[in-house]
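*Asks:* The structure under discussion is supplied below as structure tokens; questions concerning it will follow.
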Amino acid sequence: MRKVIAAFNMTLDGFCDHTSGIPDEEIHKHYTDLLNESSVILYGRITYELMEYWRPYIKNPSGEESMDNFASAIDKIPKVIFSNSLRKLDWDSAQLADGELIDEVLRLKHQIGKDILVGSRSLIIQLLKLNQIDQFQLCVYPVVVGQGLPLFEDISDRIVLKLLKTRTFSGGSVLLYYEPIKAID
């Protein structure tokens, strides 16, 4: 069965904001590799619209190899978008989800293929509550912003995580790999 990987960026003080980080060549390469090693990425509307930032780089590359490669990887990977307001998408590799989040995730998990990425805060929270996150890959940027959206908001049950490994980037960001420890009934 395929794993569901919550891959997300956050600040040192625990806030989620794709625009507060300090992505560099090394981090872009890491995320390019992660996208290329996965079958699909799940987004909510807000993150999907934010990721559309990369679309112009396909036709007009920046000349910075790591950014252009990331743009190509994000363009290619199939995207399933969960939205109550979007009715149509114009990105060829994106489609609106057919049903509820849990149904879509269970369907994808049982298909043959590479891992499933989740790249939206709201979807991560929902899937965590449904015990459907198999691994977290949290990139913590050495930035304190003081306010914003916390990643783990509205979690009422205690969740214990096991640290699998870490990776430190030369710019000071740290990637933490965790897996939730499943409760034994």
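*Asks:* If a residue has to be more than 24 Å from Leu108 (Cβ to Cβ), of a type outside the set (S, T, N, Q) and over 13 Å from the mean Cα position of the chain (by Cα) to count, how many in the stretch 1-27 make the cut?
*Replies:* Filtering the stretch 1-27 down to residues more than 24 Å from Leu108 (Cβ to Cβ) leaves 10-15, 17, 19-27.
If we keep only those that are of a type outside the set (S, T, N, Q) as well, we get 10, 12-15, 17, 21-27.
Filter again for over 13 Å from the mean Cα position of the chain (by Cα), leaving 12-15, 21-27.
Looking only at that region, the number is 11.
*Asks:* Could you figure out which of (1) over 13 Å from the mean Cα position of the chain (by Cα); (2) open to solvent by 20 Å² or more (accessible area, probe 1.4 Å); (3) modelled with pLDDT under 95; (4) not acidic (Asp, Glu) isn't true of Leu128?
*Replies:* (2)
*Asks:* Tell me which residues, restricted to the stretch 11-38, are of a type in the set (A, V, I, L, M) and touching a helix residue (DSSP H, G or I) at 6+ places or on another chain (Cβ under 9 Å).
*Replies:* Ile27, Leu34, Leu35
*Asks:* Within the stretch 36-47, track down each residue that is under 20 Å from Pro23 (Cα atoms) and free of Cβ contacts under 8 Å to residues at least 60 places away in the same chain.
*Replies:* Of everything in the stretch 36-47, just one residue is under 20 Å from Pro23 (Cα atoms) and free of Cβ contacts under 8 Å to residues at least 60 places away in the same chain, namely Asn36.
*Asks:* Another question, then. Could you please find all residues in the stretch 122-152 being in contact with a Pro (Cβ under 9 Å, 6 or more places away or on another chain) and in a helix (DSSP H, G or I)?
*Replies:* Within the stretch 122-152, just Leu128 meets the criteria.
*Asks:* Which of the residues spanning the stretch 156-171 are part of a loop (DSSP other than H, G, I, E, B) and closer than 18 Å to Ala7 by Cα?
*Replies:* Ile159, Val160, Phe169
*Asks:* So which residues in the stretch 94-125 are open to solvent by 50 Å² or more (accessible area, probe 1.4 Å) and under 16 Å from the mean Cα position of the chain (by Cα)?
*Replies:* Once the filter is applied, which keeps residues that are open to solvent by 50 Å² or more (accessible area, probe 1.4 Å) and under 16 Å from the mean Cα position of the chain (by Cα), the stretch 94-125 yields Lys114, Ser122.
*Asks:* Just to be sure I understand, how many residues within the stretch 41-62 are farther than 20 Å from Ile5 by Cα and either among the acidic types (Asp, Glu) or in a helix (DSSP H, G or I) (or both)? Please lay out each step first, then the result.
*Replies:* Initially, the stretch 41-62 is screened for residues farther than 20 Å from Ile5 by Cα, giving 49, 52-62.
Imposing the further condition that a residue be either among the acidic types (Asp, Glu) or in a helix (DSSP H, G or I) (or both) reduces the set to 49, 52-54, 56-59.
The total comes to 8.
*Asks:* What is the number of the single condition among (1) surrounded by 14 or more Cβ atoms within 10 Å (Cβ to Cβ); (2) of a type in the set (Ser, Thr, Tyr); (3) modelled with pLDDT of 95 or more that Thr168 does not meet?
*Replies:* Just one mismatch for Thr168, condition (1).
*Asks:* Taking Asp98, is it charged (D, E, K, R), at pLDDT 95 or above and either in a strand (DSSP E or B) or over 26 Å from Ile27 (Cβ atoms) (or both)?
*Replies:* On the way: charged (D, E, K, R): yes; at pLDDT 95 or above: no; either in a strand (DSSP E or B) or over 26 Å from Ile27 (Cβ atoms) (or both): yes.
Answer is no for this residue.
The values are calculated or read from the model by the stated rules, or taken from the named source; none is laboratory data. In this text, all values refer to a predicted model and were calculated from it rather than measured experimentally. Backbone-built Cβ (ideal geometry, glycine too); neighbour counts: all protein chains shown. SASA here: full protein model, heavy atoms, side chains in, ligands and nucleic acids out. Shrake-Rupley method; radii C 1.70, N 1.55, O 1.52, S 1.80 Å.
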